[in-house]
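The values are calculated or read from the model by the stated rules, or taken from the named source; none is laboratory data. What you see is a predicted model, and the numbers here were worked out from it, not measured in a lab. In this analysis, Cβ positions are derived from the backbone assuming ideal geometry, glycine residues included, and neighbour counts consider all displayed protein chains.
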Amino acid sequence: EAQVTQNPRYLITVTGKKLTVTCSQNMNHEYMSWYRQDPGLGLRQIYYSMNVEVTDKGDVPEGYKVSRKEKRNFPLILESPSPNQTSLYFCASSLFGGSNQPQHFGDGTRLSIL
Amino acid sequence: AQSVSQHNHHVILSEAASLELGCNYSYGGTVNLFWYVQYPGQHLQLLLKYFSGDPLVKGIKGFEAEFIKSKFSFNLRKPSVQWSDTAEYFCAVTAPLSGSARQLTFGSGTQLTVLP
């Protein structure tokens, strides 16, 4: 089954404790992206990757890191999480990075930073 | 950069009522437009998309949307809603010829509640 898989689905942690949210897709998609969803703000893009070893900042990259060493994986790293990063996070992928490509979304990761 | 406005934050309807959710974007050039739906506790799913051609596009589950270029709008419609349509709906846009061509910009979403 074609899917985007995120782990963990839920995480409660404390300020400053490094964490990684994994994202994996099994569709051989070149483009992957991370979003955060906050009430009243919709989804805002954090980082995206057009292909392996190619990443770029989205609208809200501060406090986040990503890497794309393999085509299928695109982990999101919070080196020193802070409470304002409490949010619902979605990973997405599409076949190519073109603007006419609909994106496939993961089930989301709800992070709470205390 | 492009932006998207969804002015209806929460819409409450009874079953069988007609639905229209507003979406306006701000970008003067060529755009690609999408509507996504997020059912409670689930991920976003594509409802429909517009790239070019017929400005009236039909999507899944009886939804349709009309692209009106002169109004910078891409409103979502459904003639008769069902309880199962309760969800949050997001309009999104890309601008293929702009500097941010690779980014999908979302509106803030509209929560639709359908009463049985």
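Quick notes on this structure:
- Only listed residue being touching a strand residue (DSSP E or B) at 6+ places or on another chain (Cβ under 6 Å), part of a loop (DSSP other than H, G, I, E, B), of a type in the set (S, T, N, Q) and within 11 Å of chain B (Cβ to nearest Cβ), chosen from A:101, A:37, A:45: A:101
- Residues that are of a type outside the set (S, T, N, Q) and either within 11 Å of another protein chain (Cβ to nearest Cβ) or part of a strand (DSSP E or B) (or both), drawn from region B:1-11: B:1, B:4, B:9, B:10, B:11
- For region B:22-61, filtering for residues that are within 14 Å of residue B:106 (Cβ to Cβ), more than 13 Å from chain A (Cβ to nearest Cβ) and touching a Lys or Arg at 6+ places or on another chain (Cβ under 9 Å) leaves 1.
- Answer residue from region B:12-67, given it is outside any strand (DSSP E or B) and within 15 Å of residue A:43 (Cβ to Cβ) and is nearest to the chain's Cα centre (by Cα) among those: B:23
- Summed over region A:19-38, residues that are under 10 Å from the mean Cα position of the chain (by Cα), closer than 17 Å to residue A:82 by Cβ and of a type in the set (A, V, I, L, M) total 1.
- Scanning region A:72-97 for residues that are part of a loop (DSSP other than H, G, I, E, B), within 14 Å of chain B (Cβ to nearest Cβ) and either free of Cβ contacts under 8 Å to residues at least 24 places away in the same chain or among the hydrophobic types (A, V, I, L, M, F, W, C) (or both) yields A:95, A:96.
- Of all positions in region B:82-104, none carries a residue that is assigned to a strand (DSSP E or B), among the basic types (Lys, Arg) and closer than 30 Å to residue A:96 by Cβ.
- Search result, residues across region A:104-114 that are within 14 Å of chain B (Cβ to nearest Cβ), part of a loop (DSSP other than H, G, I, E, B) and farther than 16 Å from residue A:46 by Cβ: A:107
- Only one of the numbered conditions (1) in contact with a Lys or Arg (Cβ under 8 Å, 6 or more places away or on another chain); (2) away from chain B (no Cβ under 12 Å); (3) at pLDDT below 95 is violated by residue A:30, and that is (2).
- Every pair of residues 6+ apart whose Cβ atoms lie under 6 Å, when the first sits in region A:1-27 and is exposed (fewer than 15 other Cβ atoms within 10 Å of the Cβ) while the second is among the acidic types (Asp, Glu): A:18/A:79
- Condition check for residue B:46: closer than 28 Å to residue A:9 by Cβ, in contact with a Phe, Trp or Tyr (Cβ under 7 Å, 6 or more places away or on another chain) and either surrounded by fewer than 19 Cβ atoms within 10 Å (Cβ to Cβ) or β-branched (Val, Ile, Thr) (or both): yes
- Selection status of residue A:68, surrounded by 15 or more Cβ atoms within 10 Å (Cβ to Cβ) and within 21 Å of residue B:44 (Cα to Cα): no
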